[in-house]
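Presented below is the structure to which this report refers.
The values are calculated or read from the model by the stated rules, or taken from the named source; none is laboratory data. Just so we're clear, the structure is a prediction, and the values are computed from it rather than from any experiment. Glycine gets a Cβ as well: all are built from the backbone with ideal geometry, and neighbour counts include every protein chain shown. Heavy atoms of the whole protein, side chains included, go into the accessibility calculation; ligands, DNA and RNA do not. Shrake-Rupley method; radii C 1.70, N 1.55, O 1.52, S 1.80 Å.
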Amino acid sequence: MATTGLSAGERIIVDTDCGYYGDDGMTLTMLLRSPAVAKVEGITVVSGNVWARQSARYVGEIQKLLRTRVPVYFGEEMPLRHTMAQADEEHAKWGPLEFRGAFSEKKPAKIPRVEKEPAVAYLTRMIEANPGGITIVALGPLTNIARVLEKQPALAGKIRRLVFMGGQYRVPGNASKEAEFNFWFDPEAASMVLRAPIPEKLMFGLDVCNKVMLDKQGFDAITMRRTALTKRFRQDFGVRYPGFLKNPKATVSLWDALVAAWFVDPSQFRNAERLALDVETRFGPQYGKVVLSENAGGIPVTMYNEADAASIHQVVRRLLTQ
Ligand code: RIB
Ligand code: CA
């Protein structure tokens, strides 16, 4: 079973494909406002929802609103193998694709000002220098983490734990019919990381994320508190996606924010299963789908199935409106 005893201020590095705000922005807000349970040492950006260079800009803007200055490191712009052309082929042959993230965006010309050290070098340095002391919180495709382990496989055993939003098991995908977006965007990276002997791998997949949905009432409860941060939240969730202001019947999963809620209070999550999981990497209609695997690197994944949605909504509201 996953250890739930969190020492005060667990040292974490957040790996994110943060869009304008979205669930990644909510998660960054919640973690950066919870120093008693999470000490955010660094933020690494990766392409997923948007291109890594867009994420770097958005993380900078969100940190300004939070008045935090956690160093940001620039990560991998392209998945290990997956390409835009393949996404077009998937859509034509086995589609429709529900969401393509950066593959449907124009890559900006400029990389915003970030730390000089590349994300993969930073992650490697921090894991090497703090054996068993750094937790990786992954909110997007696992490309950066996979690049670290590709170069130095032995680092897997030196990571304290990986806590990530990604994948699905008994439910359909949300990028393709079969695969969840983070795993669909980079299936090879997801497979490598799921099979890596990281001491603890805590998975918040669609199986539990689909049970914690934000609706217009929850949206209103956050936006009624007028701050610069809730204004950005309102612009994203109200106007861009899912567009609560034009479509009051919309609902959207809190996805990544469940990871932050876990750090705040792990007891909100129940019915964890330990499963030997892998990811389909053959190019086809199941590309990126989570599968059971006999050779899953020896350390199973702990996948949560149930959550106390009411309590999680309260935690989200408290931290976003403070
Ligand atoms: O499937 C949900 C995941 O895809 C979340 O991490 C969301 O931010 C998007 O990246
Ligand atoms: Ca994300």
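I'd like the full set of residues that are without any contact (Cβ under 8 Å) to a residue 40 or more places away in the chain and small (Gly, Ala, Ser), limited to segment 95-120.
Ser104, Ala109
Check off (1) free of Cβ contacts under 8 Å to residues at least 40 places away in the same chain; (2) of a type in the set (Val, Ile, Thr); (3) open to solvent by 10 Å² or more (accessible area, probe 1.4 Å) for Val72 and give me the number that stays unchecked.
(1)
If a residue has to be farther than 21 Å from Gly132 by Cα and outside any loop (DSSP other than H, G, I, E, B) to count, how many in segment 166-200 make the cut?
Total meeting the criteria: 10.
Could you list all residues from segment 144-165 that are touching a helix residue (DSSP H, G or I) at 6+ places or on another chain (Cβ under 8 Å) and either part of a loop (DSSP other than H, G, I, E, B) or under 14 Å from Arg125 (Cβ atoms) (or both)?
Correct list: Asn144, Arg147, Val148, Lys151, Gln152, Leu155, Lys158, Ile159.
Determine which member of the set Glu105, Glu117 is surrounded by fewer than 19 Cβ atoms within 10 Å (Cβ to Cβ), under 24 Å from Gln63 (Cα atoms) and at pLDDT below 95.
Glu105
Only one residue in Leu202, Leu194, Leu214 is under 29 Å from Val316 (Cβ atoms), open to solvent by less than 10 Å² (accessible area, probe 1.4 Å) and either at pLDDT below 95 or within 13 Å of the chain's Cα centre (by Cα) (or both), so which one is that?
Leu202
If you check Ala129, Ala85, Ala92, Ala138, which single one turns out to be at pLDDT 95 or above and crowded, with 19+ Cβ neighbours inside 10 Å?
Every option except Ala138 fails the conditions.
Of everything in segment 201-224, what is in a helix (DSSP H, G or I) and either more than 13 Å from ligand 1 (Cβ to nearest atom) or in contact with a strand residue (DSSP E or B) (Cβ under 7 Å, 6 or more places away or on another chain) (or both)? Give them in sequence order.
Once the filter is applied, which keeps residues that are in a helix (DSSP H, G or I) and either more than 13 Å from ligand 1 (Cβ to nearest atom) or in contact with a strand residue (DSSP E or B) (Cβ under 7 Å, 6 or more places away or on another chain) (or both), segment 201-224 yields Asp207, Val208, Cys209, Lys216, Gln217, Gly218, Phe219, Asp220, Ala221, Ile222, Thr223.
To keep it simple, each residue is scored yes or no on (1) closer than 22 Å to Asp17 by Cα; (2) outside any helix (DSSP H, G or I).
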position	(1), (2)
Leu245	no, yes
Pro248	no, yes
Val252	yes, yes
Ala260	yes, no
Thr281	yes, yes
Gly284	no, yes
Val291	no, yes
Glu306	no, yes
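With the condition kept exactly as written, say whether any residue in segment 25-32 is of a type outside the set (Lys, Arg), more than 16 Å from ligand 1 (Cβ to nearest atom), at pLDDT 95 or above and open to solvent by 20 Å² or more (accessible area, probe 1.4 Å).
The answer is yes; a qualifying residue exists.
Is it fair to say Pro187 is over 17 Å from Glu273 (Cα atoms), in contact with a Phe, Trp or Tyr (Cβ under 7 Å, 6 or more places away or on another chain), more than 13 Å from ligand 1 (Cβ to nearest atom) and not charged (D, E, K, R)?
When the stated conditions are applied, Pro187 passes them.
Does segment 141-180 hold any residues that are without any contact (Cβ under 8 Å) to a residue 40 or more places away in the chain, open to solvent by 30 Å² or more (accessible area, probe 1.4 Å) and within 14 Å of ligand 1 (Cβ to nearest atom), and which are they?
Across segment 141-180, the qualifying residues are Val171, Pro172.
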